[in-house]
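The values are calculated or read from the model by the stated rules, or taken from the named source; none is laboratory data. For clarity, every value in this text was computed on a predicted model and none was experimentally measured. Heads up, the Cβs are rebuilt from the backbone with ideal geometry, glycines too, and the neighbour counts pull from every protein chain shown. In case anyone asks, the SASA skips ligands and DNA or RNA and just uses the protein heavy atoms, side chains included. Shrake-Rupley method; radii C 1.70, N 1.55, O 1.52, S 1.80 Å.
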Amino acid sequence: MGVVFGVLGPVTAWDAAGGPIGLKGPRHRAVLARLIVARRRVVPVGLLVDDLWDVPPEGAVGAVRTFVAALRRALEPDRPPRTPSRLLVTEGPGYALRAGPGQVDAWWFEQAVSDAADLPPDRAQHLLDEALGRWRGPAYADFADEPWARAERSRLAELRLHAVERRAQARLDAGLAAETVPDLDAHVSEHPWRESGWRLLALALYRTGRQADALAVLRRARDILAGQLGLDPGPELRRMEADVLAQAPALDRSAEPESAAARLWTRAAADYDRTVAAGARGRLESTVGLLRDLALSGGGGLEAAREHRPAAVAAAEEFGDPELTARVIGAYDVPAIWTRGDDPEIARRIVAAAERVLPRLPAGPAHDATRARLLATIALEMRGTRSPRGPEAAAEAEAMARDLDDPAVLAFALNGAFMQSCTRAGLAARRDAIGAELVGLSARHGLASFEVLGHLVRLQARSALGDFAAADGHAGAADKLAERHERPLVGVFTRWYEALRLAASGRAPRTEMEAAYRAAAETLDGAGMPGLSEGLLPLALLSARLLDARPLDAKPLGERDPAPGDPFEVDLGDDWGPYRPWAEPLALLDAGRDDEARAALHALPEPPADLMYEATCCLEAAAALRLGDLPALRRGRDRLLPAAGELAGAGSGLLTLGPVDAWLARLEAAIGG
C-alpha cells in the first residue's frame with residue numbers, strides 16, 4: 001500500500017514497513033493535514049497561506065512551496081529527480097494529496113463503520129473493534145485550534161461515538177449483554193447527551209435481568225438531560241422506559257422495533273457513502289440539508305450546525321461553481337425568531353460569501369429563486385446590525401419571492417423581512433402582518449417550521465399590542481406544532497411568554513415575577529442561543545423591579561412612583577451582555593455618581609434594531625427621568641412615541657416594562673416641568 005497517513009490522533013505518516021516518516025516541523029504537518037482534510041481535492045496555494053498564518057509573512061507562498069517539496073522528499077524518497085510526484089501532486093492553482101481510501105486511517109475508519117452496518121453481529125463487532133482501535137487520541141490532535149480542522153474534527157468525533165454505539169448494538173445482538181454494560185456505562189458518563197447510549201445501556205441491563213437498574217439509568221438520563229440541556233428525553237428513551245415498565249417482549253429480541261429507524265438510517269447512510277463520491281457536489285448539498293435538520297433539533301444540534309455551516313460554504317466555494325455555492329448558502333433556511341444573531345463572526349462570513357456569489361449568478365428568471373434565497377440569507381444574518389444592506393436585501397428578497405410560485409422561498413423571504421422589522425419602535429403591527437401571512441402560507445403548503453415561526457411572531461406582536469387572548473392562542477398553536485414535529489426550542493419561547501404574561505397581568509408581586517423569569521431562564525441552559533440568552537435574565541429581573549415600583553395600572557406620576565433617590569438595584573457584576581450600556585447609567589445612579597451617570601447616558605448609542613428596542617429606550621428614559629436630563633428626555637420621548645398604545649418590551653415575547661403611554665406621560669411631564 002505504500003505510505004499510510006494517520007490523523008486519528010497527532011498527524012503522522014508511516015512507510016510501507018510501518019516505520020514512522022519524519023515530517024519535519026509543525027507547518028509541514030499542517031500542510032499535510034490540510035490536504036488530508038480536503039479529501040483529494042485541490043487546495044489553492046493562497047488558501048494554504050491563509051490557513052497557515054494569521055498574518056502571512058513576506059514570502060509565504062514560497063515557504064509553502066518549500067514545505068511541499070520537503071514533504072514530497074519525505075513521502076517518496078525513491079522518486080527519481082525531476083519526475084512528478086504521484087502522491088502529493090501539483091494541479092491548477094494548488095496541491096492535492098492523492099492518497100487511496102486505505103492510506104488515511106480516518107478514511108479507512110469511515111469505510112469500516114459503513115461496512116459494519118451490513119455484517120452479522122459477530123463480524124460487525126470485530127470490525128468495529130479494529131476500527132476503534134485505530135484511534136490514538138482526538139482527531140488532528142495537534143491542530144485542535146485551527147479553524148480549517150474544526151469541522152472535520154467534530155465530524156470524526158461524532159462518527160467515533162456512533163461506532164462505539166454501533167459496536168454495543170452488535171454485542172447485544174450477539175447475546176453479549178453483560179459484557180456490554182461496563183463500556184456503555186463509561187460511554188454515557190463521558191457523553192451524557194447521547195440518548196442512544198442511554199437507551200443501549202438500559203437495554204443491556206434489562207437483558208441481564210436488572211430491570212430496576214435499567215429504570216434507574218433511564219431516570220438518570222432524564223435528570224441529566226433536563227438539568228444540563230433543558231430537554232425532555234426523546235421518543236426512543238420514552239418508549240424504552242415504557243417498554244421496561246411493561247416488560248415488553250420486544251426487549252428480549254435482538255432486533256427491537258424501536259431501533260428500526262436507527263438501523264434504517266445507518267444502512268441508508270452506508271449506501272450513500274458507498275454510492276456518492278466523497279468529493280461530489282451532491283454530497284455537499286446533502287450535508288447542508290443535514291445541518292438544517294440538525295439546527296431544528298435544538299440545543300447541541302443548533303450549536304453544531306452553526307459551527308459546521310461556514311465550512312460547508314467554504315467547501316462549496318472551493319469548487320469555483322457560483323450556482324453550487326449559492327445553493328449551499330440558500331439551502332440553510334432555518335427559521336429564525338430572535339432578532340439578534342448568535343455568532344456575529346459566522347454571520348459576517350456567511351454574508352460575505354453570499355455577496356461574493358450574487359453578482360456571479362447567471363442572469364435570468366431561472367435563478368431568481370436562488371437569488372431570493374441569497375438575499376433572504378443576507379437579511380437574516382444582518383439582523384440587528386443597523387446596516388442599510390439588511391433592509392435592502394429583505395425588500396429585494398420579498399419582492400422577488402412574490403413573483404415566484406414557490407411557497408418555501410416566500411416563507412424564507414418573509415423571515416428575512418421580519419428580521420429587519422425592528423428598526424424603530426411601534427412596528428408590532430407590521431410584524432403581526434408578517435406572522436399572519438407566514439401562518440396561512442405555511443399551513444396551506446405544509447411548511448411546519450415556518451408555521452411555528454409565524455405563530456411565535458404573532459405571539460410577540462399581539463403581546464406588544466396588549467392582545468393576550470390572541471397571544472395565548474398562538475402560544476398554544478406553536479406548542480402543539482412543536483410537539484408534533486419535534487421542535488424542542490419552541491418551548492423556550494412559550495415558557496418565557498408565560499413569565500411575560502404573568503408580569504403583564506399587573507397583579508403579580510415582584511417576587512412572583514422574578515421567580516417566573518428565573519424558571520424561564522433555565523430553559524436557555526444548553527439551548528444553543530447565546531444571542532437570546534446573554535443578558536436576558538438581568539434585564540428581565542430589572543423590568544420586574546420597575547413594574548413593582550410602577551404597576552401597569554398606576555397613574556404616570558402616581559403615589560407608588562419611586563422617589564428621586566430610590567435605587568434601581570442594578571449590579572454590573574451580573575452578566576448584562578449587550579444590555580450593559582443601558583444598565584450602566586442606572587448602576588452609577590444607585591452609587592450616587594450622578595455626573596458619571598450623566599456621561600454614560602449621553603454616550604449611549606441608538607438601541608440595536610431588535611425586539612428589545614422599546615425596552616432599552618425605557619431604561620434610557622428611566623435614567624433621564626432620575627437625572628432630569630432634558631436632551632435625553634426628549635430623545636426618549638421621540639423614540640417611544642411611535643409605539644404609543646403598546647406595552648414596552650412585550651414585542652419580544654419575553655418581558656415588559658409596562659405601557660409605553662405611561663412612560664410617555666412621565667417624559668412629557670418632566671420635559672414640561
I need every pair where a residue in the stretch 164-188 that is closer than 16 Å to G133 by Cα and in contact (Cβ under 8 Å) with a residue 12 or more places away in the chain has its Cβ under 8 Å from the Cβ of a residue that is open to solvent by less than 20 Å² (accessible area, probe 1.4 Å) and in a loop (DSSP other than H, G, I, E, B), sequence separation at least 6 or different chains. R166/A117
Scope the stretch 357-371; condition over 15 Å from L404 (Cβ atoms), assigned to a helix (DSSP H, G or I) and in contact (Cβ under 8 Å) with a residue 12 or more places away in the chain; matching residues: V357, L358, R360
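Specify the residue that is most open to solvent (accessible area, probe 1.4 Å); the eligible residues are those in the stretch 602-645 that are under 25 Å from A336 (Cα atoms) and of a type outside the set (A, V, I, L, M, F, W, C). Quick ask: steps written out before the conclusion?
So the first thing to find is which residues in the stretch 602-645 are under 25 Å from A336 (Cα atoms), and the list is 606-617, 643.
Next, from what is left, pick out any that are of a type outside the set (A, V, I, L, M, F, W, C): 606-608, 610, 613-614, 616.
Details: E606: 84, P607: 0, P608: 37, D610: 6, Y613: 8, E614: 15, T616: 3 Å².
Out of the qualifying residues, it is E606.
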Matching residues in the stretch 312-321 - criterion: being open to solvent by 30 Å² or more (accessible area, probe 1.4 Å) and modelled with pLDDT of 90 or more: A314, E317, D321
Where R72 falls short, out of the listed (1) at pLDDT 90 or above; (2) open to solvent by less than 20 Å² (accessible area, probe 1.4 Å); (3) over 19 Å from W135 (Cα atoms): (2)
Could you list, ordered by first residue, the pairs with Cβ atoms under 6 Å in which the first is in the stretch 430-444 and small (G, A, S) and open to solvent by 20 Å² or more (accessible area, probe 1.4 Å) and the second is part of a helix (DSSP H, G or I) and at pLDDT 95 or above, at least 6 apart or interchain? A443/E451
Go through the stretch 14-60 and count every residue that is outside any loop (DSSP other than H, G, I, E, B), of a type outside the set (G, A, S) and either touching a residue at least 40 places away in the same chain (Cβ under 8 Å) or open to solvent by 40 Å² or more (accessible area, probe 1.4 Å) (or both). 19
Given the structure, is A63 closer than 28 Å to L132 by Cβ, part of a helix (DSSP H, G or I) and not polar (S, T, N, Q)? no
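Report, by residue number, each residue of the stretch 372-389 that is buried (at least 21 other Cβ atoms within 10 Å of the Cβ), assigned to a helix (DSSP H, G or I) and of a type outside the set (S, T, N, Q).
Taking the stretch 372-389 first, the residues buried (at least 21 other Cβ atoms within 10 Å of the Cβ) are 372-384.
Filter again for assigned to a helix (DSSP H, G or I), leaving 372-381.
Those that are buried (at least 21 other Cβ atoms within 10 Å of the Cβ), assigned to a helix (DSSP H, G or I) and of a type outside the set (S, T, N, Q): A372, R373, L374, L375, A376, I378, A379, L380, E381.
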For E451, indicate whether it is acidic (D, E) and surrounded by 21 or more Cβ atoms within 10 Å (Cβ to Cβ). yes
Looking at the stretch 134-146, is at least one residue in contact with a Phe, Trp or Tyr (Cβ under 9 Å, 6 or more places away or on another chain), open to solvent by less than 50 Å² (accessible area, probe 1.4 Å), more than 18 Å from R39 (Cα to Cα) and in a loop (DSSP other than H, G, I, E, B)? yes
Reported set for the stretch 199-234 where residues are part of a loop (DSSP other than H, G, I, E, B) and either open to solvent by 60 Å² or more (accessible area, probe 1.4 Å) or under 19 Å from A168 (Cβ atoms) (or both) is T208, G209, R210, D232, P233, G234
From E285, E392, grab the single residue that is touching a helix residue (DSSP H, G or I) at 6+ places or on another chain (Cβ under 9 Å), without any contact (Cβ under 8 Å) to a residue 12 or more places away in the chain, under 19 Å from V409 (Cβ atoms) and open to solvent by 50 Å² or more (accessible area, probe 1.4 Å). E392
